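First the structure, in the form of structure tokens, and then the observations on it.
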Amino acid sequence: MIDVMPPQAPTAAAIKRRAAELGLDACGITAAYPTRHADFFRDWAARDQAGEMAWLTRDPDRRGDPRLVLPGARSLIVGGLNYWQPTPGGRGRIARYALGEDYHEVLLEKLRTLADEISAQGAAAKVYVDTGPVLEKPLAQRAGLGWQGKSTMLINRSRGPWLLLGEIITTLDLDPDAPETDHCGSCSRCLDACPTRAITAPYQLDARRCIAYLTIELKGSIPEELRPLIGDRVYGCDECLDVCPWNRFAETTREARFLAGPETALDLRAMLEMTNTEFKRRFARSPILRVKRRGLLRNICVVLGNIGTMEDLPALQRAENHEEPLVREHAAWAARQIVGRLAATPQ
Ligand code: B12
């Protein structure tokens, strides 16, 4: 519990101590005033760069101003959880954040405990992780957790870009931290490394080209011209994070639930035969559940189209008769890619 006796409200220092006890790797505080990034956000949405993510652009005013999310809000407590770990070997890559249990649950649990303790002292407190109407990265920067870098990721001096973010909006009046300043300097590694050139300029990402969007958020067919650029990425992409020089301090996560689970040891061919029940059982606690079986099989087909061999053809040919039209279409594309490669290879 926060070690302050009522009626005194918890202080910023007490909250940070408690956050550390709960296993958060970073915690900072900012006052609940609107972010100037709301204008960037509006402009980005107006340029259609959100693609199909209509949920994201629905209420830009709320997203830019925490006081519209919780009337009477005075402060935001922003929490960060380190999730870096070495990439497991094998065919097909999964972005690190999706290797273990769903971070929404893990981080929500910690922040809810803290929020409940704050509420018990008489203040209102609302918790969000990722899915709330909150521009998390600019607010985390204001709370001193890092700076929003050229990749658009929040980069922390000691954790690099590997903090997952969540926040408590509260009516408590707390001493704010100093905002962090930008330390990207002249570096442009993330822009250069992006396989699809989705980072169109420093601090600007066209989500429609980002492999995370194409493999996670896009529900339908992946544009054919982008498929080869996806390479072996089955779910999400860490390329712009992996090349960040601030990675030099990255350490393996302390959160056991984030470590790669057996469900992410991929057998791409066998997975093409997976039933819906098997999919739901296997990924029940994983963020991968979000793409549904048809989305995951679509992605596996794209990866096999990019890295597959003759041995993968029978499984792909069976998938050309899959009950899901989306899978059928991507399987046929993948088989054509492999056959094309085989034909081009001198015997
Ligand atoms: C939508 C979304 C996506 C979309 C769009 C990504 C994006 N950059 O916006 C897609 C599906 C592509 C995506 C991908 C990923 N995501 Co995401 N995503 C979100 C979500 C839900 C909203 C982000 C948002 O508002 N985007 C809108 C655009 C406009 O924001 P933006 O690109 O950051 O744009 C800002 C800058 O362009 C800036 N700006 C514009 N011009 C200029 C000029 C200057 C000089 C400056 C300083 C700034 C600036 O203003 C804009 C507003 O802040 C947040 C959670 C949340 N609620 O905030 C998670 C979140 C950003 N995602 C996260 C993660 C982990 C990822 C991936 C790494 C997952 C993966 N491995 O596959 C990738 C990273 C790709 C990348 N480089 O961004 C984490 C990031 C943690 C961190 N340390 O930053 C978040 C915070 C989730 C969480 N709770 O932890 N994501």
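Values in this text are rule-based calculations from the coordinates and carry no lab data. Because the structure is a prediction, the values reported are computed rather than measured. Backbone-built Cβ (ideal geometry, glycine too); neighbour counts: all protein chains shown.
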Percent antiparallel among DSSP beta bridges (both partners in the chain, rounded to 5):
90 percent
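Calculate for the chain the 222 nm mean residue ellipticity that helices alone would give, adding -39,500 (n - 2.57) per DSSP H run of length 4 or more and normalising by residue count, nearest 500 deg cm²/dmol.
Value at 222 nm, helices only: -9500 deg cm²/dmol.
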Exposure proxy check: Val302, Val78, Val129 ranked by fewest other beta carbons within 10 Å?
Val129, Val302, Val78
Mind listing the lone cysteines of the chain, meaning no other Cys beta-carbon sits under 4.7 Å from theirs?
Cys27, Cys184, Cys187, Cys194, Cys210, Cys237, Cys244, Cys301
For the chain, whose charge dipole is built from +1 on Lys and Arg Cβ atoms and -1 on Asp and Glu Cβ atoms, the candidate among Thr57, Tyr83, Ala344 with its Cα farthest towards the positive end is Ala344
Which semi-axes, in whole Å and largest first, does the equivalent ellipsoid of the chain have when worked out from the alpha carbon gyration tensor as the square roots of 5 times its eigenvalues?
40, 21, 18
Quick one: what are the phi-derived ³J(HN,Hα) couplings along the range 263-273, Karplus 6.51/-1.76/1.60 with θ = phi - 60°, whole Hz, x for glycine and proline?
5, 9, 7, 8, 10, 4, 5, 5, 5, 5, 9
So what are the ³J(HN,Hα) numbers for the range 28-34, from phi and the Karplus equation (6.51, -1.76, 1.60; θ = phi - 60°), rounded to whole Hz, Gly and Pro as x?
x, 10, 9, 6, 8, 10, x
Any idea what the dipole of the chain comes to, in debye rounded to 20, about its Cα centre with Lys/Arg Cβ at +1 and Asp/Glu Cβ at -1?
340 debye
Residue span Lys219 to Trp55: 0.36 nm per residue of separation minus Cα-Cα distance leaves a gain in nm of 57.7 nm
Test of understanding: in a Gaussian network model of the chain with alpha carbons linked when under 10 Å, which of Leu214, Leu165, Leu22 would top the mean-square fluctuation ranking?
Leu22
Positive end of the charge dipole of the range 109-250 (Lys, Arg +1 and Asp, Glu -1 on Cβ, about the Cα centre): tell me which of Gln141, Tyr235, Thr113 has its Cα farthest that way.
Tyr235
Output wanted: per-residue J couplings in Hz (rounded whole) for the range 42-55, from phi through Karplus 6.51 cos²θ - 1.76 cosθ + 1.60, θ = phi - 60°, x for Gly and Pro.
4, 5, 4, 5, 5, 8, 6, 6, 7, x, 7, 7, 4, 4
Could you please state, rounded to a whole Å, how far the C-alpha centre of the range 179-232 is from the C-alpha centre of the range 291-345?
24 Å
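Based on other C-beta atoms within 10 Å, arrange His183, His330 from fewest to most.
With the sparsest Cβ surroundings first, the list reads His183, His330.
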So, in nm, how far is label Arg42 from label Asp267 when the simple model puts each one 7 Å beyond its Cα toward the Cβ?
5.4 nm
Estimated inter-spin distance, Ser186 and Glu251, nm [label 7 Å along Cα→Cβ]:
3.3 nm
Given an 8 Å cut-off on Cα distances and at least 6 residues of separation, report the relative contact order of the range 267-340 as a percent.
34 percent
Residues with amide H under 5 Å of Gly149's amide H, sequence separation 5 or more or different chain, H placed in the peptide plane at 1.01 Å from N; which?
Leu154, Ile155
Farthest toward the dipole's positive end in the range 267-340, which of Asn299, Leu268, Ala284, given Cβ charges of +1 (Lys, Arg) and -1 (Asp, Glu) about the Cα centre?
Ala284
Label-point separation, Glu278 to Glu311 (7 Å along Cα→Cβ), nm
1.8 nm
